[in-house]
Amino acid sequence: GSCGYDNLIAIAVATPGELVDAVGVTEATSRKIIHAAREALDMGFESGSDVLKRREKVIKMTTGSKNFDAMMEGGFETGAITECFGEFGSGKTQIGHLLAVNCQRDDETAVAVYVDTENNFSIERLDQICSSISLNYKKILDSIVFLKPASFEEQKKTFEKLKELVNNKIGLIIID
């Protein structure tokens, strides 16, 4: 109280050095106190080391185009939301098709979830992509779960049940 740390949020946003100076505990103890406060508040705070560890696990998913992958600094990142936007016919659905194939190609047990809000998915295009890289499109097709929600509310409900449906093997979610 007298040193200004009278609630969890004040502790959670403090630096270890501030707690050492204010309370007189060791740096290791101050880190434990801050960590406990952040967990109690479920704030999602991470240390720089935690961020680095998470970044080291990031995988870049290729589109199959060296030029496009170069623009994306190696491809689409796992654990991230990436938005592609452009005019009708600019290739957004094509990118979705490519990523659905490459998701399964990188991990044969992975499942791509394709949320097709405008009925744009083309099995013929998927076959062309797979043929060009010598993959069996029927096998790839079996690794894609299709959703065609009629409304945002239906989409939300579907996502809530999705995790149990594919047994934690979602490699990619595409919303087209």
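The values are calculated or read from the model by the stated rules, or taken from the named source; none is laboratory data. Keep in mind the model is a prediction, meaning the values are calculated, not measured. Here the Cβ is made from the backbone with ideal geometry for all residues, glycine too, and neighbour counts use every protein chain on show. For the accessible areas, the whole protein counts, side chains as well, though only heavy atoms, and no ligand, DNA or RNA atoms are used. Shrake-Rupley method; radii C 1.70, N 1.55, O 1.52, S 1.80 Å.
Summary of computed values
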read-out: Where GluC sites (Glu not before Pro) fall in DSSP loop in segment 35-139, at most 13 other Cβ within 10 Å; value: E46, E73, E83, E87, E108, E118
read-out: Rounded tilt (10° steps) of 123-132 against the dominant C-alpha axis of the chain; value: 90
read-out: Computed lengthening from F159 to Q94, 0.36 nm per intervening residue step minus Cα-Cα distance; value: 21.1 nm
read-out: Bridge type composition, the chain - antiparallel percent by DSSP, nearest 5; value: 20
read-out: Sparsely packed chymotrypsin sites (Phe, Trp or Tyr not before Pro) within segment 87-176, loop by DSSP, other Cβ within 10 Å at most 13; value: F88
read-out: Flagged links, alpha-carbon separation over 25 Å, of K148/K169; K57/K156; K92/K139; K139/K169; K57/K169; value: K57/K156
read-out: Nonlocal amide H pairs with V145, under 5 Å, H built at 1.01 Å; value: A112, V113, Y114
read-out: Ratio Rg/Rh, restricted to segment 78-176 and using Cα atoms, in which Rh is the Kirkwood radius; value: 0.95
read-out: Expected 222 nm ellipticity per residue - DSSP helices of 4 or more, -39500 (n - 2.57), all of the chain, to 500; value: -14500 deg cm²/dmol
read-out: Accessible area of V111 in the full protein assembly, 1.4 Å probe (Å², nearest 10); value: 20
read-out: Amide H contacts under 5 Å for E77, placed H, 5+ residues apart; value: M61
read-out: On Cα atoms only, tilt of 27-41 relative to the major axis of the chain in degrees; value: 60
read-out: Carbon plus sulfur fraction of accessible area for the chain, probe 1.4 Å, in percent; value: 52
read-out: Length-normalised contact order of the chain in % [C-alpha pairs under 8 Å, at least 6 apart]; value: 18
read-out: Neighbourhood charge, 11 Å Cβ-Cβ cut-off, centred on K92 and excluding it, Lys, Arg +1 and Asp, Glu -1; value: -4
read-out: Ranking by accessible area, most exposed first, for L8, L52 with a 1.4 Å probe; value: L52, L8
read-out: Set of lysines with alpha-carbon distance to K32 below 22 Å, sequence-local pairs under 8 removed; value: K53
read-out: 0 to 90° range, to nearest 10: angle between helix 92-106 axis and the chain longest Cα axis; value: 80
read-out: For segment 54-61, 3J(HN,Hα) per residue [Karplus equation, 6.51 cos²θ - 1.76 cosθ + 1.60, θ = phi - 60°, Hz, x = Gly/Pro]; value: 5, 5, 5, 8, 5, 10, 9, 8
read-out: Note, ³J(HN,Hα) from phi for segment 143-151, Karplus 6.51, -1.76, 1.60, rounded to Hz, x at Gly and Pro; value: 9, 10, 9, 9, 10, 10, x, 7, 8
